[in-house]
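Taking it in order: structure first as structure tokens, then the write-up.
The values are calculated or read from the model by the stated rules, or taken from the named source; none is laboratory data. Treat the numbers as computed from the prediction; the structure is a model and nothing was measured. A quick note on method: Cβ atoms are made from the backbone with ideal geometry, for glycine too, and the neighbour counts reach across all protein chains shown. To get the accessible areas, we keep the full protein, side chains included, count just its heavy atoms, and leave off ligands, DNA and RNA. Shrake-Rupley method; radii C 1.70, N 1.55, O 1.52, S 1.80 Å.
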Amino acid sequence: MFAVDSVSVTVPATTANLGPGFDCIGAALTLYNEFKFTTHTQEKVIITVTGAEAERVQTDESNMLYQAFVKLYEYLGQTQPPVQIEINLGVPLARGLGSSATAIVGGLVGANVLAGEPLSQSQVMELAIAMEGHPDNVVPAFVGGCRLAATSNAGWEICEVPWHEEIVPIVAIPDFELSTKEARRVLPKEVSRADAIFNAAHLGLLLRGLETGRGDWLRAALQDKLHQPYRKALIKGYDAVNAAAVAAGAYGMVISGAGPTLLALTDIAHSEAVATAMATAWQSEGISPVVRSLKVDNQGARSFV
């Protein structure tokens, strides 16, 4: 017998890297994917999808959400129950906003609830990190807020990063995709000691800037030498959008995750102007973006029985 026969899970989008925080920092945002899992008596999984780009989501056993669902039962040494899955998409696919992380987290959380919650939050999070391969998206998607993740002898250490209430994240989502594989391919295999020191210093400054809301620190802190100089060439209009955002009052602009979504950080007073400037600049490059002024989601994945 299962503890319940149906559960709904809501998982936020995420933005990772935040400039110098390559592969170690991410924040949950107020965009969401919604998943409902219902056990049934048929043998095969049934998956239905609604929302933007629904037709592009796999509806068989290769679906990543279902793969994560199965993974938890495998970890428990149990056979997963036959399940009907309803997906409502609110997070764009392959745009650098953690859509795959929402699937991994959603599948694991849904399975854990249906199984009677035998795994602790930390155990589910460890499984999510193992599936994704790095923590910067799945951790904030799971627990919310802005999080820094680092390895230790005992596994992962997850640190909450305070995010000042005056800092507004603005995402400009273009009408084209950029695969994570391609974004990784352009990165150098080695970096200089000077570039490593540069990023270490700027990540430290970023953490203090996010906590205090100090614009001068954030303007300097968002610079990076590990991934953005190589990836920006894959994003048409990057320099134009960056210049427009800064001119309109943004502290700076970074690539969200592996891209191509661009993320600007600004204050409340300039948020509308920055959003308009980013949209206009990209439109002048022949790109039709969706620009959203968001907030940091502090709850993470939520389940409803």
**Subset of segment 286-302 [more than 26 Å from A240 (Cα to Cα) and assigned to a loop (DSSP other than H, G, I, E, B)]** = D297, N298, Q299, G300, A301
**Request:** Take the residues in segment 41-75 that are open to solvent by 80 Å² or more (accessible area, probe 1.4 Å) and free of Cβ contacts under 8 Å to residues at least 12 places away in the same chain, then tell me which one is nearest to P289 (Cα to Cα).
**Result:** E55
**Fill in**
In segment 211-225, residues that are surrounded by 21 or more Cβ atoms within 10 Å (Cβ to Cβ) and more than 15 Å from I170 (Cβ to Cβ) total 2
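Can you confirm whether segment 76-98 contains a residue that is more than 20 Å from A27 (Cα to Cα), in contact (Cβ under 8 Å) with a residue 60 or more places away in the chain and open to solvent by less than 10 Å² (accessible area, probe 1.4 Å)? Break it down into steps so the answer makes sense when it comes.
Keep residues of segment 76-98 that are more than 20 Å from A27 (Cα to Cα), which gives 76-88.
Next cut, in contact (Cβ under 8 Å) with a residue 60 or more places away in the chain only: 81.
Now narrow it down to the ones that are open to solvent by less than 10 Å² (accessible area, probe 1.4 Å): 81.
Within segment 76-98, one or more residues are more than 20 Å from A27 (Cα to Cα), in contact (Cβ under 8 Å) with a residue 60 or more places away in the chain and open to solvent by less than 10 Å² (accessible area, probe 1.4 Å).
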**Prompt:** Within segment 14-35, is there a residue that is within 25 Å of the chain's Cα centre (by Cα), of a type outside the set (K, R), modelled with pLDDT of 95 or more and farther than 28 Å from H134 by Cβ?
**Reply:** no
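Name the residues in segment 152-195 that are in a helix (DSSP H, G or I) and either open to solvent by 50 Å² or more (accessible area, probe 1.4 Å) or touching a His at 6+ places or on another chain (Cβ under 9 Å) (or both), would you? Show your work before the answer.
From segment 152-195, those in a helix (DSSP H, G or I) are 180-185, 193-195; that's our starting set.
The answer is T180, K181, E182, A183, R184, R185, R193, A194.
Keeping to segment 11-56, report how many residues are in a helix (DSSP H, G or I) and farther than 20 Å from I104 by Cβ.
1
Yes or no, residue by residue, for (1) buried (at least 21 other Cβ atoms within 10 Å of the Cβ); (2) over 19 Å from the mean Cα position of the chain (by Cα); (3) modelled with pLDDT of 95 or more:
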site: G107; (1), (2), (3): yes, no, yes
site: L119; (1), (2), (3): no, yes, yes
site: A141; (1), (2), (3): yes, no, yes
site: G145; (1), (2), (3): no, no, yes
site: A150; (1), (2), (3): no, no, no
**Item:** Residue list for segment 243-278, filter: open to solvent by less than 20 Å² (accessible area, probe 1.4 Å) and more than 18 Å from I167 (Cα to Cα)
**Value:** G257, A258, G259, P260, T261
